[in-house]
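Here, each number is a calculation from the coordinates, and none is a lab measurement. Just so we're clear, the structure is a prediction, and the values are computed from it rather than from any experiment. Positions of Cβ are generated from backbone atoms using ideal geometry, with glycine treated the same way; all protein chains shown enter the neighbour counts.
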Amino acid sequence: MSDADSGGSSSSNSNIERGGDSDEAVAAGRDGRGLRESAEADPESFWARQAEEGLEWFEPFDAVLEWDRPFARWFVGGTTNACYNAVDRHQHERADKPAIIWEAEDGNQRRTISYGDLFVDVQRFANVLKSLGVRSGDRVTICLPMVPELAVAMLACARIGAVHTVIFSGFSAASIRERVSDSGSQVVITADGGYRRGRVIELKKTIDEALSGLGSVRHVVVLQRTRHEIAMSGPRDKFWDDLVGAAPDACPAVPLESSHPLFILYTSGTTGKPKGVLHGTGGYLTHVHSTFGWAFGAGDNDVYFCTADIGWVTGHSYVVYGPLMHGITSVMYEGAPDHPGPSRMWQLIRDHAVTIFYTTPTLLRMLMRFDGPGEGRGRHGGPSGLDTLRLLGTVGEPINPEVWRWYHERVGRGRCPVIDTWWQTETGGMLISPLPAIEDTIPKPGSAARPVPGVEIDVLDDEGNPIPVGTKGQLVVRKPWPGMLMTLWGDDARYKEAYWKRYPGLYHPGDYARIDEDGYVWLLGRADDVLKVAGHRIGTAELEGCVVSHDAVAESAVCGVPDEVRGQSIVVFAVPRSGVPEAGHDRLASEIVKKIRSEVGSIATPGAVYVVPRLPKTRSGKIMRRLLKSLAVGGEVGDTSTLEDADVIGEIRRLLLSQKP
Ligand code: ATP
Ligand code: MG
């Protein structure tokens, strides 16, 4: 760090008063060992130093942490503002620097929004919110496609202390309604429509359906993106441009106590009813600022591209707050990652000279399908000409070693570090990841390496006992960390129950992991995805890893179905790589069985293997094993509102009927 002695003191950390000295202080340097040592010696002073050096504070904090288990308040008494840290702080040095380079799905439209533009836009829109009666602490629902106004709306909320609750714009009316109503939002910000694979998505129509009869919503602000014909219902609905046109220019950022709520974000719903994860301000921002710097180390020459939709936590932390707090240039892409073809991502990287690419294993597996084995690779949509890249990252699911290697070799040409970052909506930012900006990590494909400095994790058995090195168990976090959720919105009891009950005093994320002899963490999938076959616990992630390591398999999902004799019987779904003929599917299925028997063991012999064209996924790209399980037993699939494309259900159901063993 640039100033190793500044930590701990509570009287000098108001750097806004001092005129802002953070620009040189944020550069992390490459002193990973020093950081780890000071974090181990005294985690609270360590985080205090990150907060002081990384953020701008109006008033210094008096206490680093108030820990009223399991409720944490970080940097108590300090006042700060997320929008100020993302936008205002750059106005002296970076007003002309591009903050967001946006590209429309059709590729014909591009916009560059500088830090100076952002400063103008957020102030105007903050005044719009005020004119609609929004006050500090009020919730505002934002449901917009991937356009820069989505970031502007969030920052404008943060500027005046309103709590944003962003809902991914692909959700169904019922899911939107549930979230709007749970958060108690009186204002909803949306658009006439958005584009997805060249088609207009009727967003306003969906919002109207979602809000019908929901009297609590007083205002709907409508951004015109597609400019197609929509119904406006006055006086509730108003156009974004009209409101902004009439709004005054200046709106100062309000100093907010560090624990002031910044946002509610509902978890993706892979496993059922969504939870309203509530994040605060100072702690969350400190965590995101620090981890963004340690992982990506982005500087003025970087162009950063994170493919996540802002509707997911990755978009909040590492599309909006992280990169903006660091004053770097990001690429924001509006549409489907494979539209109009599988080389869309590669084209964006080339055209914008992207240096850092952060995406998901799911997207990588999809892209890998088009980079067939052998001769002529790359000609049909595989990666090429990506010379500007220097760093690659993934998040969201375990990345199997084959995909990791493909990413490293084919996308990064063997020269870019690959960082597998483990974290959750609830953790706010990365908890486990290689951190190439501060230390070199010898890569182990498939492992997320070590916890970030200041975060202490462990792996325990079901009773909470420590387990031998290399053994699989439940991941826990031993101490509070600044990015941790404050609670679940309006439901402290569910917060305690969901995360703190299983291992009293420890945070329980619900993932399986093992820690090897070098201290590397291997994430082994969700604990709720573990199968119990003839008394043995087998992780779906482990089996899927084995299936995907078959040359002809692009993707796989494994689930368990009830079995009278063995408890559960394993069902494998496999998506072949492009170019594998249908006539070869039976052979592929029997090869998969052989492979599992030899690599995992005969105990894991699948009861059925289905070769399917694709898998049911949430819009954040996660496989919905719950649905596959229902399909495999021929049952009803239940709630499918978080599904990316509902057609896949009928497709798989037909296939299962025709292949029933
Ligand atoms: P829900 O909680 O509603 O089921 P979700 O857990 O999918 O939704 P997120 O918070 O977006 O919602 O995802 C966090 C989860 O994603 C983690 O608990 C873990 O299971 C998985 N995950 C994220 N990153 C990684 C990673 N690098 N390696 C392995 N798993 C990961
Ligand atoms: Mg989760």
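What are the residues whose amide H is under 5 Å from the amide H of Tyr195, where those residues sit 5 or more places off or on another chain and H is modelled from the backbone?
Distant-sequence amide H within range of Tyr195: Ile201.
What list of ³J(HN,Hα) values in whole Hz, one per residue of the range 84-92 in order, does the Karplus curve 6.51 cos²θ - 1.76 cosθ + 1.60 (θ = phi - 60°) give from phi, with Gly and Pro shown as x?
4, 5, 8, 10, 4, 4, 9, 5, 6
Quick one: 3J(HN,Hα) in Hz for the range 132-141, Karplus 6.51/-1.76/1.60 with θ = phi - 60°, rounded, Gly and Pro as x.
Calculated HN-Hα couplings, in order: 8, x, 6, 10, 3, x, 5, 8, 10, 8 Hz.
Hey, quick one: spin label on Thr388, modelled 7 Å out along Cα-Cβ, who in the range 97-127 has an amide N within reach, i.e. under 18 Å?
Within reach of a label on Thr388: 97-105, 107-115.
How about Lys130: which lysines have a C-alpha closer than 29 Å to its C-alpha, ignoring those fewer than 8 places off in the same chain?
Lys97, Lys204, Lys205, Lys238, Lys275
Whose amide H sits under 5 Å from the amide H of Ile142, counting only residues 5 or more places off or on another chain, with H placed in the peptide plane?
Answer set, sorted by chain and number: Thr165, Val166, Ile167, Ile189.
Taking only Cα atoms of the range 452-583, what ratio of Rg to Rh do you get with Rh as the Kirkwood inverse-distance radius?
Details: Rg = 18.0 Å, Rh = 17.1 Å.
Taking Rh as the inverse mean 1/r over Cα pairs, Rg/Rh reads 1.05.
Rounding to the nearest 10 and keeping the result within 0 to 90°, find how far the Cα-based axis of helix 282-296 lies from the longest principal axis of the chain.
60
For the range 76-151, place one equal point scatterer on every Cα, skip the solvent, and apply the Debye formula. What is log10 of I(q)/I(0) at q = 0.23 Å⁻¹?
-1.18
Taking the Cβ-Cβ separation of Arg478 and Ala583 as r and a Förster radius of 45 Å, what is the calculated FRET efficiency to the nearest 0.05? Don't skip to the answer; put the middle values down first.
On the way: r = 54 Å, r/R0 = 1.20.
About 0.25, to the nearest 0.05.
Can you list the lysines whose alpha carbon is less than 16 Å from that of Lys472, not counting same-chain residues fewer than 8 positions off?
Lys532
Roughly how tilted is helix 173-183, in degrees to the nearest 10 and between 0 and 90, from the longest Cα axis of the chain?
50
Quote to one decimal, in nm, the extra length available between Ser602 and His228 on full extension: 0.36 nm per residue of separation minus the C-alpha distance between them.
Numbers: separation 374, 0.36 × 374 = 134.64 nm, distance 5.80 nm.
Gain on stretching Ser602 to His228: 128.8 nm.
Note the full-extension length gain between Lys496 and Val565 as 0.36 nm times their separation in residues minus their Cα-Cα distance, in nm to one decimal. Don't skip to the end; give the middle numbers.
Values: separation 69, 0.36 × 69 = 24.84 nm, distance 3.65 nm.
That works out to 21.2 nm of additional length.
Sequence gap at least 6, Cα distance under 8 Å: using those rules, report the relative contact order of the range 308-467 to the nearest whole percent. List each step's numbers first, then the result.
Numbers: 213 pairs, mean separation 26.0, N = 160.
Contact order relative to length: 16 percent.
Each label point is 7 Å from the Cα along the Cα-to-Cβ direction; what then is the distance between the points at Asp551 and Asp242, in nm?
In this crude label model, Asp551 to Asp242 measures out at 6.3 nm.
Quick check: the angle from helix 43-54's long axis to the longest principal axis of the chain, C-alpha only, nearest 10 degrees?
60
Determine the relative contact order of the chain: mean sequence separation of Cα pairs under 8 Å and six or more apart, normalised by residue count, in whole percent.
Values: 1419 pairs, mean separation 75.2, N = 661.
Relative contact order here is 11 percent.
What's the Cα-based Rg to Rh of the chain, Rh via Kirkwood?
Numbers: Rg = 24.2 Å, Rh = 25.5 Å.
Here Rg/Rh amounts to 0.95.
Provide the FRET efficiency to the nearest 0.05 for the Ser590-Arg537 pair, computing r from the beta carbons and using R0 = 22 Å.
Numbers: r = 26 Å, r/R0 = 1.18.
Result of the calculation: an efficiency of 0.25.
For the peptides 236-248, 157-169, what is the packing order when you average, over each peptide's residues, the other Cβ atoms within 10 Å and list the highest mean first? Before the final figure, lay out the partial values.
On the way: 236-248: 15.2, 157-169: 26.0.
For the peptides 236-248, 157-169, the packing ranking is 157-169, 236-248.
Given labels modelled 7 Å from the Cα in the Cβ direction, how far is it in nm from Glu66 to Asn465?
For the pair Glu66/Asn465, the computed spacing is 4.0 nm.
Expressed in nm to one decimal, what extension gain is obtained for the pair Gln347 and Ala173 from 0.36 nm per residue of sequence separation less their Cα-Cα distance? Kindly include the intermediate steps, with their values, before the conclusion.
Values: separation 174, 0.36 × 174 = 62.64 nm, distance 3.36 nm.
Here the answer is 59.3 nm.
Under a point spin-label approximation (7 Å from Cα along Cα-to-Cβ), what is the Arg199-Gln91 distance to one decimal in nm?
4.5
For the range 234-339, what does the alpha-carbon gyration tensor say about shape, rounded, prolate or oblate, given a ≥ b ≥ c as the root eigenvalues, a/c under 1.5 as rounded, and a/b over b/c as prolate?
Values: a/c = 1.25, a/b = 1.20, b/c = 1.04.
Note, shape of the range 234-339 comes out rounded.
For Met332, what residues show an amide H to amide H distance below 5 Å, using hydrogens built from the backbone and excluding near sequence neighbours?
Close amide H contacts, sequence-distant or interchain: Ile101, Trp102, Glu103.
Students often get this wrong: which residues of the range 550-568 have the backbone nitrogen under 11 Å from the point 7 angstrom along Cα-to-C-beta of Val633?
Counting only backbone N, you get 560-564, 568.
May I ask you to work out the translational diffusion coefficient for the range 79-225 at 4 °C, viscosity 1.567 mPa s, via Stokes-Einstein with Rh from the Kirkwood sum over Cα pairs, reported in whole µm²/s? Please list the in-between numbers first.
Values: Rh = 15.9 Å.
Reported coefficient: 81 µm²/s.
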